[in-house]
Amino acid sequence: MTSVSSTTLDNGIVEVVVDHPPVNALPVAGWFELAEAITAAGRDVATRVVVLRAEGRGFNAGVDIKEFQRDDGFTALIGANRGCYAAFAAVYECPVPVISAVQGFCLGGGIGLVGNSDIIIASDDATFGLPEVDRGALGAATHLSRLVPQHTMRAMVYTSATATADELHAFGSVLRVVPKPELRDAALEVAAQIAAKDPTVIRAAKESLNGIDPMDVHRSYRFEQGFTFELNLSGVADKVRESFGTDGAAGG
């Protein structure tokens, strides 16, 4: 089943939509599909801005742990790590601004996507978190640290606590919080404002802002992924997931 669709709207706005029931916990193929959709949108010179959103109850619930459980080896784990890395990088490296429109839960890999986005619009029911330690994994603290202050990030990682859209708005990482029925329109409104600017200037602005970023998000996230490999290779991850009783969704 195709998890990702891409539609070109007016004025060079490209809408990329994730729809993978029941909770948008993407399998390996889904992460690569998302990476390709965003990359293709940015590659098109007619694209001026990308809006990333999801259908269903939540924006993203991370990777699909059930895919790991069906795998006798580590192929699914390696694939998920590479797929998440590709999708997060595609958002960050997209030559035009990427706006994430977030509703409901945004967990694990979802944090990687929004943390690398240029702008975040959230519905008033949105919550953000990294449940990694409850899944025997690590990762995307790189991206969470772009959304909340450092000590808040550490507490959220250690406790698996979530933050609300209003809290992230207070931190300045979420631009607007709107009622859920207004989410798409709000994201497209901001997209239209960007699309109305000179496209060459906007692409230059995106490149320049990435160039002055104080954090190398690619290297930092790849470092985190190494600990997920260790936890899985040692067997600790399986024990944690069994004791936690995971429902099939995990982080990134």
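Within the stretch 54-66, not a single residue is over 15 Å from His20 (Cα atoms) and buried (at least 21 other Cβ atoms within 10 Å of the Cβ).
Number of residues in the stretch 1-47 that are more than 16 Å from the chain's Cα centre (by Cα) and among the acidic types (Asp, Glu): the value is 2.
Cβ-Cβ distance below 7 Å, separation of 6 or more or different chains: which pairs start in the stretch 104-116 with a residue that is over 20 Å from Ile65 (Cα atoms) and touching a residue at least 12 places away in the same chain (Cβ under 8 Å) and end on one that is among the hydroxyl-bearing types (Ser, Thr, Tyr) and not in a strand (DSSP E or B)? Between residues of the stretch 104-116 that are over 20 Å from Ile65 (Cα atoms) and touching a residue at least 12 places away in the same chain (Cβ under 8 Å) and residues that are among the hydroxyl-bearing types (Ser, Thr, Tyr) and not in a strand (DSSP E or B), the close pairs are Asn116/Tyr92.
Restricting attention to the stretch 198-247, the residues that are under 28 Å from Ile119 (Cα atoms), in contact with a helix residue (DSSP H, G or I) (Cβ under 8 Å, 6 or more places away or on another chain), charged (D, E, K, R) and surrounded by fewer than 16 Cβ atoms within 10 Å (Cβ to Cβ) add up to 1.
Those residues that are closer than 23 Å to Met215 by Cα and either at pLDDT below 95 or not β-branched (Val, Ile, Thr) (or both), I need them from the stretch 168-187; list them, please. Across the stretch 168-187, the qualifying residues are Leu168, His169, Ala170, Phe171, Gly172, Ser173, Leu175. Right, Cys84: touching a Phe, Trp or Tyr at 6+ places or on another chain (Cβ under 6 Å), under 23 Å from Gly42 (Cβ atoms), surrounded by 16 or more Cβ atoms within 10 Å (Cβ to Cβ) and modelled with pLDDT of 95 or more or not? So Cys84 fits the description; yes. Taken as a whole, the structure places Thr39 among residues that are assigned to a helix (DSSP H, G or I) and surrounded by 15 or more Cβ atoms within 10 Å (Cβ to Cβ).
The values are calculated or read from the model by the stated rules, or taken from the named source; none is laboratory data. If you're wondering where the values come from, they're calculated on a predicted model, not measured in any experiment. Every residue, glycine as well, gets a Cβ built from its backbone with ideal geometry; the counts of neighbours run over all protein chains shown.
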